[in-house]
Structures are given as structure tokens and as C-alpha cells.
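FYI, it's all coordinate maths here, none of it is from the lab. Worth saying up front: this structure is predicted, and the values here are computed from it rather than measured. Here Cβ is always computed from backbone atoms with ideal geometry, including for glycine, and neighbour counts include all displayed protein chains.
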Amino acid sequence: MMPHVPLEDLFEDLIAKSMRGRHVSESELIEMTGVPRDVLARLCRGEFCNENALAKVARALSLEPRALTMAASRVWSPRPVSVEGLEMFNLPYRDMRVNAYLVRDPLTNAAAFFDTATDGAPLITRARALGVSVESIFLTHTHNDHLAALDELKSAFPAAEAWSNQAEPWPGTKTFSEGATFSIGSLKVTTRTTSGHSKGGTTYLVEGLARPLAIVGDAIFAGSMGGGMVSFEDAWKNNREKILTLPDETVLCPGHGPLTSVGEEKRNNPFFAAEFLA
């Protein structure tokens, strides 16, 4: 049973991320939309006070108005996902929560961790309870909340090799370049560099379970995307070209928030729905 995990971002977070990423100030947004300053201020602090104004803000920031309105109305969340062989861990980190994953091959019981979150104990306990052979630890990127328990996992499973993208290497890991392939028993893992949130952010495509998985780190979230800390433009482009071109049934496993799917995000993510619904 997957844990219940709320959406990572509220509608005001989507507005703020788009304003920062597109370098649009509050004054510029007022000029672009004609929305009164007090109304925009209320929207920016999370008060859904005016649907028409919200639609104007959405269009000015290249967000899909219907999807942003759904986010503001809190009427959408992705359908629950459960795939045999996929385990999700949602653990606290400061004032937020972060995800890590265990993927196992039901045929061979080989397994791998994807990110470590901040406390290795639940991951270690679950892997041992399942009796799996942990062969690899894959990092989506090297922000502390995603690798804080790396040494703990390496100590618990000394035969496991830890991996990071060569564009974002981490001490104690081996590195790979985009397109590298790995195996977890009979499962195939392919790497795609989805930089923007971080320099070497990586999406791991896992094939061989009942549904394909894409473990995306902080590239994309259910109904949102990671902040473009390195490049918002690259983050958006890589999400569009390297993640949302995967089959609709692909399960997206983000670094924060709930599981989702490519199909769900193409229809309901305000950053991308306008293009896919056109």
C-alpha cells in the first residue's frame, strides 16, 4: 500500500515558480494582465478570490488556465498508483517531506534504491523484510534531502554500487553519462539527463514491471515542476521532451508529492497542459 502523500505545490506556488522562472515581477504582471494590485496580491498569497483574474495571470505566465483553476479549487489530485515491485518512502526533512523509492524485480528479487531521503532506517527495514538483494543506489540529483542517508544505506548494503550523473558527481559514487543503462535483475534501467533544477538531474526509466516507471527526482511533480534553480528554461524543456513524451501509462515517481503518470500530467499540469491539450 502506497502512503497517502498530498500535492507538493499549491496554486500560489505555481504562480511564484513561473514568475521567478520567467523573470516576471509583480508590477510587470499587473501591467501585462490589468489585474488590480490588491487582487494579484491575494492570489499570490493563496486566496482564490477571482477566477477571471486567475485566468489572466495564467495566460500571462504561460500556465494553462483550466488546470490552474483546478489547482486553486483543489479539485484535482492524481489517481492512486500501485505497481508490484515499487515501494515509496515519504520522509520528513525540515519543514517538508521528501521521497525515496525501492524498486525490486519480482522474478529475481534483485532491487535498487532511488534516492535515499533523510533517514535510511525505514528503507533498510523494508528491504530486509522483503528479503531483496540490493544491488544499486541511484541518485536523481545531489541536493541534501535526496542523499542524506546515502552513507547509511551503503553501510547496510555494502555490495550495492552507488551512482550519480557525471554532470553532478558525488563522493563515494560511480558516475554515468546520459543514456547509460543498468539492470535490476530482469528489469532495464535507462538514464535521461533532465537538468534545470540541478546541473545533472537524472530521470531513470525502469521497464519490466506491470507499468513503466520514470523516477524523476525534482524535475516534475504532480501538478507542478521543480524550481529551475539552474535554468527554468532547461527544466521546462527537458520535462516536455524527455519525460512527457513517454507513454501515458508511465508512472512518474517524483522527489516530493504523490505518484502520478505521464497522462495525468499532460492533462492536468498547468505548466504543460496547454501544449498537450491544444
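How big is the shadow of the Cα convex hull of the chain, averaged over all directions, in nm²?
On the way: hull surface 55.0 nm².
That works out to 13.8 nm², a quarter of the Cα hull's surface.
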### Query
Counting other Cβ atoms within 10 Å, which trypsin sites (Lys or Arg not before Pro) in region 1-75 have at most 13 and lie in a DSSP loop?
Arg45, Arg74
### Query
Out of every Cα-Cα pair in region 69-206, what percent are more than 28 Å apart?
17 percent
### Summary
For the table Lys174/Lys237; Lys56/Lys237; Lys199/Lys237, the rows whose alpha-carbon distance is greater than 21 Å are Lys174/Lys237; Lys56/Lys237
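Where does region 224-278 land on Rg/Rh, using Cα atoms and the Kirkwood Rh?
Ratio of gyration radius to Kirkwood radius for region 224-278: 0.93.
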### Task
Enter the angle in degrees (range 0 to 90, nearest 10) between the Cα long axis of helix 120-130 and the first principal axis of the Cα atoms of the chain, meaning the one along which they spread out most.
60 degrees
### Task
Mind listing the long-range amide H neighbours of Ala180? Cut-off is under 5 Å, sequence gap 5 or more, other chains count too, H placed in the peptide plane at 1.01 Å from N.
Thr191
## Note on the structure
Taking Cα pairs closer than 8 Å and at least 6 residues apart, the relative contact order of region 129-278 in percent is 16 percent
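Would you mind ranking Asp248, Asp38, Asp119 so that the residue whose beta carbon has the fewest other beta carbons within 10 Å leads the list? If you can, show how the numbers build up before the last one.
Details: Asp248 12, Asp38 9, Asp119 17.
Ranked by crowding around the Cβ, least crowded first: Asp38, Asp248, Asp119.
Could you state the per residue volume, in Å³, of the convex hull enclosing the Cα atoms of region 11-73?
Values: hull volume 4.1 nm³, N = 63.
Looking at region 11-73, the number lands at 65 Å³ per residue.
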### Summary
Residues whose built amide H sits under 5 Å from the amide H of Ala110, excluding neighbours closer than 5 in sequence, are Asp105, Ser133
### Query
Within region 79-169, what percent of beta bridges assigned by DSSP are antiparallel, to the nearest 5?
60 percent
### Summary
Amide H proximity to Thr260 below 5 Å, modelled H, separation 5+ or other chain, gives Leu252
## Note on the structure
For region 143-159, Karplus-derived ³J(HN,Hα) couplings (6.51, -1.76, 1.60; θ = phi - 60°; whole Hz; x for glycine and proline) come out as 6, 4, 5, 9, 9, 4, 9, 4, 4, 5, 5, 5, 5, 6, 10, x, 7
### Message
Output needed for region 49-125: three equivalent-ellipsoid semi-axes, defined as square roots of 5 times the C-alpha gyration tensor eigenvalues, in descending order, whole Å.
### Response
38, 16, 10
### log₁₀ of I(q)/I(0) at q = 0.11, 0.17 Å⁻¹ - region 144-278, Debye sum with one point per alpha carbon
-0.40, -0.93
### Summary
region 1-52 and region 166-215 have their Cα centres apart by a whole-number Å value of 32 Å
### Query
Considering only Gly34, Leu54, Met19, whose Cα is most displaced toward the positive end of the charge dipole of region 11-73, charges sitting on Cβ of Lys, Arg (+1) and Asp, Glu (-1)?
Met19
### Query
Which ³J(HN,Hα) values in Hz, rounded to whole numbers, follow from the phi angles of region 56-68 under the Karplus curve 6.51 cos²θ - 1.76 cosθ + 1.60, where θ = phi - 60° and Gly and Pro get x?
5, 4, 4, 5, 5, 9, 6, 9, 6, x, 4, 5, 5
#### Entry: Burial ordering of Leu205, Leu29, fewest other beta-carbon atoms within 10 Å first
Leu205, Leu29
#### Entry: Per-residue HN-Hα couplings for region 198-204 [Karplus 6.51, -1.76, 1.60; θ = phi - 60°; Hz; x = Gly/Pro]
9, 5, x, x, 10, 9, 9
